[in-house]
Every structure is written in structure tokens, then in C-alpha cells.
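As C-alpha cells, the structure follows; a few thoughts come after it.
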Amino acid sequence: MRNVIVTGGSRGLGLAISRRLVADGFHVIAVARRETDELREAVSQSDGALCFAPLDLSELDAIPDFVLRLKKEFGAPYGLVNNAGLGTEGLLGTMHNSQIEMLTRVNVTAPIILSKYVVRNMMSAGGGRIVNISSIIASTGYSGLSAYGATKAALVGFTKSLAREVGRMGITVNAVAPGFIETEMTASLDEGDRTKIAGRAALRRLAAPEDVGNAVSFLMDEKARNVTGAVFTIDAGATA
Ligand SMILES: NC(=O)c1ccc[n+]([C@@H]2O[C@H](COP(=O)([O-])OP(=O)(O)OC[C@H]3O[C@@H](n4cnc5c(N)ncnc54)[C@H](OP(=O)(O)O)[C@@H]3O)[C@@H](O)[C@H]2O)c1
């Protein structure tokens, strides 16, 4: 079975991605700080195809040993989905520097360092797939999300250059940019906000976590062998 590491796999988009990849026949390692009841249930129903590996991605020094441990336990990874992220909101003028630093560390530095150690294994295996979860905010902008938007745009830049760097080794690197999707991250928006956002989308609805799972599923598949350096927007036409 091919292994795929999904960071932030304990809930929201990461759990939907993990479920989709398990259904596709992958062995999925869901990474987060804490296992949720939802993930525990999915693990118990997966017949060993889904497991939980705890890691705090803000502890950057723990990443190399973590990757080594996963390799020893499950074998070399075929895929990596850099999905874990913080959605810290706030006007830049009043945001604490420590919040800005943490946002950048979890959303940018950690996925870059994790990719570094995982891509080495992919190189020796002669192939692999990396998918970075960005956001439409990277290109549209949104008041109150300037630091967050910077981290999501950084992932697009990372995707494009890494795709060029590792393409000759048979490794693809792509990004998925979701629009607004109902998860814990977006729980602060009320029903009125949601209706407004949906009303502005071409399809007059919101995309769902499963839609992001389907996009990642395609990018992991043989059908996507010639897709690299791409950004897939999944937003029900919010930015069309
Ligand atoms: N929801 C949206 O509308 C939307 C739109 C565009 C892009 N996105 C992006 O999609 C990704 C997932 O978002 P979501 O809405 O599913 O968020 P979520 O429900 O808040 O889930 C975030 C996941 O990341 C994990 N995580 C957070 N900090 C971590 C850390 N330090 N170490 C390890 N894991 C950590 C969380 O687990 P623990 O807290 O247990 O660690 C959780 O599994 C994010 O990158 C987000 O920016 C979301």
C-alpha cells in the first residue's frame, strides 16, 4: 500500500482528504497535535488503512526524527499533503508579533521543512506527490487576513519552484486553493456571512471539504502524472 502523510488530518479539510485517500486505496498517516473523536472513529473503521501520528508542527526540530520514525514504521512515503494550518485573524496593526511568528511557522516554515525531509525519501524512491493546501485568499486578499494571506501565497511560490526542482526525479508538486468551506477554522462566521459568500459564488453555494478531498485524490492519481506546479481553485466559482 502506498503511504500518504496528511498534516492536519484530524478534522476539517484534512480529515476529508484522509477519508478520500483511504477510499482510493492509500495508507494514510494523519498528523495533528491531538486525535479527535471523528478521526478515532475513522481510524477504527479503516481496517488499518488510516492511522494517527501526533506531532506539533510548530516544533520544527522534531520534524526530521518524525519523518525517520514514519519511514521505519510504514516504509517510504509516496505522498505528502501539507494541509495543517492556522487561520489566525486580526487587523495587522493590533496583531501580536508572536501570533504573526506562529502563523508563519506553522503555515510556511513547517511545511517547507517537512517537505524537505519527505522529498529526500521520494527522490530515492524515484517519484512521489506533494500537495500544498493554499487558499483563494492568497490571490484575492481579505481584510483581517493579511498575515494569513501572506502564508497562503508563500505556499504557491513554494509549490512552483519545488515543482521545477524535483520534476526530473518524477515528483509532482501542486497546490489546492479552497474558497470558504465550513470547518472549525471558519466557525466564527455566522449564517448571514455564509449566505452572503455563497450568494456571490458562480454556483450559488459553498464548496465542501469533500470537494477538496476529490481534488487531492486526482493529484495523487496516475491520471495527474503530467500535472505539476499547478494551483487548483476549489471555491464553487467564488473567484470565477
Ligand atoms: N476552511 C476554509 O474555509 C479554508 C479555506 C481555504 C484554505 N483552508 C486551508 O485548509 C487547511 C485546513 O483548514 P481547516 O479549515 O480544515 O482547519 P481546521 O478545521 O482548523 O483544522 C486544522 C488542522 O490543522 C492541525 N494543526 C493546527 N496546528 C497544528 C500544529 N501546530 N501541528 C500539527 N497540526 C496542527 C489541527 O489539529 P490540532 O489542532 O490538533 O493540531 C487540525 O487537524 C488550512 O491550511 C487552511 O488554511 C481552509
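With touching a strand residue (DSSP E or B) at 6+ places or on another chain (Cβ under 7 Å), modelled with pLDDT of 95 or more and on the phi < 0 side of the Ramachandran plot as the only criterion, which of P64, P77 stands out?
Working: P64 fails: touching a strand residue (DSSP E or B) at 6+ places or on another chain (Cβ under 7 Å).
Of P64, P77, the one residue that is touching a strand residue (DSSP E or B) at 6+ places or on another chain (Cβ under 7 Å), modelled with pLDDT of 95 or more and on the phi < 0 side of the Ramachandran plot is P77.
How many residues does segment 168-205 contain that are surrounded by fewer than 18 Cβ atoms within 10 Å (Cβ to Cβ), within 30 Å of M122 (Cα to Cα) and out of contact with any helix residue (DSSP H, G or I) (no Cβ under 6 Å at 6 or more places or on another chain)?
2
Check segment 203-218 and report whether any residue there is more than 15 Å from the ligand (Cβ to nearest atom), under 25 Å from E89 (Cα atoms) and either without any contact (Cβ under 8 Å) to a residue 12 or more places away in the chain or in a helix (DSSP H, G or I) (or both).
Scanning segment 203-218, I find no residue that is more than 15 Å from the ligand (Cβ to nearest atom), under 25 Å from E89 (Cα atoms) and either without any contact (Cβ under 8 Å) to a residue 12 or more places away in the chain or in a helix (DSSP H, G or I) (or both), so the answer is no.
List the residue pairs whose Cβ atoms are under 8 Å apart, where the first residue sits in segment 4-17 and is at pLDDT 95 or above, the second is of a type in the set (D, E), and the two are 6 or more positions apart or on different chains.
Sorted first by the residue in segment 4-17, then by its partner, the pairs are S10/E35; S10/E38; R11/E38; R11/E184; G12/E184; L15/E38; A16/E210.
Please state which one of S58, S18 is within 21 Å of I112 (Cα to Cα), within 14 Å of the ligand (Cβ to nearest atom) and assigned to a loop (DSSP other than H, G, I, E, B).
The unique qualifying residue is S58.
Look through segment 214-239, keep the residues that are within 19 Å of the chain's Cα centre (by Cα) and farther than 20 Å from A138 by Cβ, and return whichever of them is surrounded by the most Cβ atoms within 10 Å (Cβ to Cβ).
Here is the first cut: in segment 214-239, the ones within 19 Å of the chain's Cα centre (by Cα) are 214-221, 224, 227-236.
With farther than 20 Å from A138 by Cβ added as a condition, the list becomes 214, 217-218, 220-221, 224.
Numbers: N214: 15, S217: 19, F218: 17, M220: 24, D221: 12, A224: 19.
Checking each candidate, the answer is M220.
In segment 88-102, what count of residues is obtained for those that are part of a helix (DSSP H, G or I), more than 10 Å from the ligand (Cβ to nearest atom) and touching a residue at least 12 places away in the same chain (Cβ under 8 Å)?
3
Quick check on segment 22-39. Is at least one of its residues under 22 Å from A175 (Cβ atoms), within 14 Å of the ligand (Cβ to nearest atom), in a loop (DSSP other than H, G, I, E, B) and of a type in the set (G, A, S)?
no
Could you list all residues from segment 157-189 that are of a type in the set (A, V, I, L, M, F, W, C), more than 10 Å from the ligand (Cβ to nearest atom) and in a helix (DSSP H, G or I)?
Pass one, segment 157-189, residues of a type in the set (A, V, I, L, M, F, W, C): 158, 162-163, 166, 169, 171, 173, 175-177, 180-181, 185, 187, 189.
Among the residues that remain, those that are also more than 10 Å from the ligand (Cβ to nearest atom) are: 158, 162-163, 166, 169, 171, 173, 175.
Once the filter is applied, which keeps residues that are of a type in the set (A, V, I, L, M, F, W, C), more than 10 Å from the ligand (Cβ to nearest atom) and in a helix (DSSP H, G or I), segment 157-189 yields F158, L162, A163, V166, M169.
Name the residues in segment 104-146 that are more than 10 Å from the ligand (Cβ to nearest atom), assigned to a helix (DSSP H, G or I), under 21 Å from A177 (Cβ atoms) and out of contact with any strand residue (DSSP E or B) (no Cβ under 7 Å at 6 or more places or on another chain), would you?
Across segment 104-146, the qualifying residues are T104, V108, T109, I112, S139, T140, S146.
Yes or no: segment 45-58 includes at least one residue that is over 18 Å from the mean Cα position of the chain (by Cα) and in contact (Cβ under 8 Å) with a residue 40 or more places away in the chain. Lay out the reasoning, then the answer.
Initial filter on segment 45-58 (over 18 Å from the mean Cα position of the chain (by Cα)): 45-49.
Cutting the leftovers down to in contact (Cβ under 8 Å) with a residue 40 or more places away in the chain gives us 49.
Checked segment 45-58: at least one residue is over 18 Å from the mean Cα position of the chain (by Cα) and in contact (Cβ under 8 Å) with a residue 40 or more places away in the chain.
Mind checking which residues of segment 69-87 are over 30 Å from I137 (Cβ atoms) and either within 14 Å of the ligand (Cβ to nearest atom) or touching a residue at least 24 places away in the same chain (Cβ under 8 Å) (or both)? I'd like the intermediate steps shown before the answer.
The first filter runs over segment 69-87 and keeps only residues over 30 Å from I137 (Cβ atoms), leaving 69-76.
L70, K71, F74, G75, A76 - these are the residues of segment 69-87 that are over 30 Å from I137 (Cβ atoms) and either within 14 Å of the ligand (Cβ to nearest atom) or touching a residue at least 24 places away in the same chain (Cβ under 8 Å) (or both).
The values are calculated or read from the model by the stated rules, or taken from the named source; none is laboratory data. Keep in mind it's a predicted model, so treat the numbers as computed, not measured. Quick reminder, even Gly has a Cβ in these numbers, built from the backbone with ideal geometry, and neighbours come from all protein chains shown.
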